[in-house]
Amino acid sequence: MMDLESDLDLQNRESSYANYLPDELLLQVLDFLPQSEESQATLANFVLVSRQWYSVGIARLYATPYLVGQRYTHFVRTLCPSVIPRIKRSELAGLVKALDLSRIVHQGAKSTTARLLGRTKNSLELFIAPQASFAINCWAALSKCTSLKVLDLGLVSEAISYQSLNQTLRQLVRLEELYMPRCSTEFGLGPELLTCRLHWPPHLQHLSMSGSVNGKFLWEMLRQPETFPSSLHSMSLLHCPGLDQQGIKPLLSNLADRLTVVELRDLPAVKQGRFNGVLGWLPNLTDITVALDYIDEDFGRRPGDFSPETHWHLAKPLTSLTLVTSGHQEYDPRRAFTLVDLWDLIDTRYFGRLRRLYVAASTGWEKVDEGALWETVRVGLEGLDRENWEKRRWHYEFLRGVPEDMQYEEWAETREGWRNRPRAQFIRNI
């Protein structure tokens, strides 16, 4: 009798617990998993628990896959079970939003890349092309990825035709970021060149140009500045061996009314000091990454009568400055832009809006005077931010929802204050 009562109690206790979890709770659990390569194995195990867990987690598992080695092989077999899609189709292909093939070198094939693009064309939002397995047969499939927002061709090693790229861009009406290849490119020859019109996506926000950005292609961009969309506000020029200051300045000047973010590095034809006036070329610039090889002590030179008390409102709009190195052989250290020059621009409030300062460790600035001068710059940046807070300048001018008597230290402890705090740090060279 006692054993029967014990069994009944045990059954009652077991029945009081649900044998499943609501979908909403499972989704919250998945939110705690970071989007990283290590989490992919955890997600794969998650979807194997039950049919319910599979239906909840499968979309996240295939949205941004990390592909390398055998993972890529299995991924291709899953999405492309047959060469002819109408014979055997995989419904999982419609879940892929990001296709990053940057780590695919030897095991990839050009036909496979085109096939993957064809299978994922309806859902794909980001595509990073592989180094060796992207060629002319991929353009047709790429042009059908009309939901694409980010296209990165930076690793492509085979020479591409700008005509093929131009025709493809006409179809990618949602594209927001475009990264050109570093390899040699073919702009075209013959009479069709005279009537060539560049077609940039209408919503393009960031354009990164590399490789052969010179000659006739550069001339076409300078001749047709109206083809750039009004949404374009960010541009990177890097790994362009034939591009010098005489080509870069007019290109940037044509877009001076809209560019706020610029990156200038790995440009071997540019000599020291040739980018000293970039802040004048781009009066709305808020974020710049520039190699120290291309500037000198005259970078950001303020007017002689500039005073922080009377001219503070004329401070440059620059809020973020990143300084790297490119290993230029003709670099003259006697004319170099130094920490002393940077401190002067901050101390005199000519860089009165600066809040982010990132310096490559390869500059050696961390070792100057055992870091004492760097610490002075860091503290000066914090003092500048405190001053702007107290006087409600710049980004603090229209701050809402903050008590008038709140002190700077209290503001710095809030979530928004912590997120927007001034930063000065060394980074690994990029």
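Its Cα gyration tensor gives segment 64-232 an equivalent ellipsoid; the semi-axes, largest first and in whole Å, are 29, 16, 14. Model label points for Ser307 and Arg197, set 7 angstrom from Cα along the Cα-to-Cβ axis, are 5.5 nm apart. Scanning residues 5 or more positions from Leu243 or on other chains, those with amide H under 5 Å from its amide H are Ala269, with H placed 1.01 Å from N in the peptide plane. Straight-line reach from Lys144: which lysines have Cα under 18 Å away, leaving out those fewer than 8 places along the same chain? Excluding near neighbours in sequence, the set is Lys97, Lys110, Lys121. One decimal place: the segment Glu158-Ile427 gains 93.7 nm when fully extended, by the rule 0.36 nm per residue minus the C-alpha distance.
3J(HN,Hα) couplings calculated from phi for segment 280-290 with the Karplus curve 6.51 cos²θ - 1.76 cosθ + 1.60 (θ = phi - 60°) are, in sequence order, x, 5, 10, x, 9, 5, 10, 9, 9, 10, 9 Hz; Gly and Pro show x. Net charge dipole, the chain: roughly 2140 debye, given to the nearest 20, about the Cα centre with Cβ charges of +1 for Lys and Arg and -1 for Asp and Glu.
Would you please give the FRET efficiency between Lys367 and Arg419, computed as 1/(1 + (r/R0)^6) with r the Cβ-Cβ distance and R0 = 41 Å, to the nearest 0.05? Don't skip to the end; give the middle numbers.
Values: r = 31 Å, r/R0 = 0.74.
Result of the calculation: an efficiency of 0.85.
Only one of (i) 36, 35, 20; (ii) 33, 29, 22; (iii) 46, 36, 19 was calculated from the structure for semi-axes √(5λ) of the Cα gyration tensor in Å, and its label is (iii). Share of pairwise Cα-Cα distances greater than 15 Å in segment 245-286 is 36 percent (whole percent).
Per the Cauchy relation, a quarter of the hull surface: what is the mean projected area of the convex hull of the alpha carbons in segment 310-368, in nm²? Write down the numbers at each step before the final one.
Working: hull surface 19.4 nm².
For segment 310-368, the mean projected area of the Cα convex hull comes to 4.9 nm².
Around the amide H of Met235, modelled in the peptide plane, lie the amide H atoms of Leu207, Val261, Val262, Glu263, all under 5 Å away and 5 or more residues distant in sequence or on another chain.
Straight-line reach from Lys271: taking Cα to Cα under 19 Å and skipping same-chain neighbours fewer than 8 places apart, the lysines in range are Lys249.
Highest GNM mean-square fluctuation among Glu309, Glu390, Glu404, for the chain modelled with Cα contacts below 10 Å: Glu404.
Of the residues Leu198, His239, Leu79, the one whose Cα sits farthest toward the positive end of the charge dipole of the chain, with +1 on the Cβ of Lys and Arg and -1 on the Cβ of Asp and Glu, is Leu198. Taking the DSSP beta bridges with both ends in the chain, the antiparallel portion is around 0 percent. Using θ = phi - 60° in the Karplus curve 6.51 cos²θ - 1.76 cosθ + 1.60, the 3J(HN,Hα) couplings for segment 234-242 round to 9, 9, 10, 10, 8, 6, 10, x, x Hz; x is entered for Gly and Pro. Candidate cross-link partners of Lys367 among the aspartates and glutamates, defined by an alpha-carbon separation under 16 Å and a same-chain spacing of 8 or more, comprise Glu375.
Under 5 Å from the amide H of Asp100 lie the amide H atoms of Ile128, each residue being 5 or more positions distant or on a separate chain, with H modelled from the backbone and absent for Pro and chain starts. For the pair segment 34-78 and segment 352-421, the centres of their Cα atoms are 41 angstrom apart.
Here the 3J(HN,Hα) profile of segment 257-265, calculated from phi with Karplus coefficients 6.51, -1.76 and 1.60 at θ = phi - 60°, is 6, 10, 6, 10, 10, 9, 10, 10, 7 Hz, Gly and Pro shown as x. If you run the Gaussian network model on the chain, springs between alpha carbon atoms under 10 Å, then out of Leu172, Leu27, Leu381 the most flexible one is Leu27.
What does the helix-only formula give at 222 nm for the chain: each DSSP H stretch with n ≥ 4 adding -39500 (n - 2.57), the total divided by the residues, and the result rounded to the nearest 500 deg cm²/dmol?
Working: 15 runs with 143 residues, N = 430.
Dividing the helical sum by the residues of the chain leaves -9500 deg cm²/dmol.
Here, each number is a calculation from the coordinates, and none is a lab measurement. None of these values were measured; they are calculated from a predicted model. Every residue, glycine among them, receives a Cβ derived from its backbone with ideal geometry; neighbour counts consider all protein chains shown.
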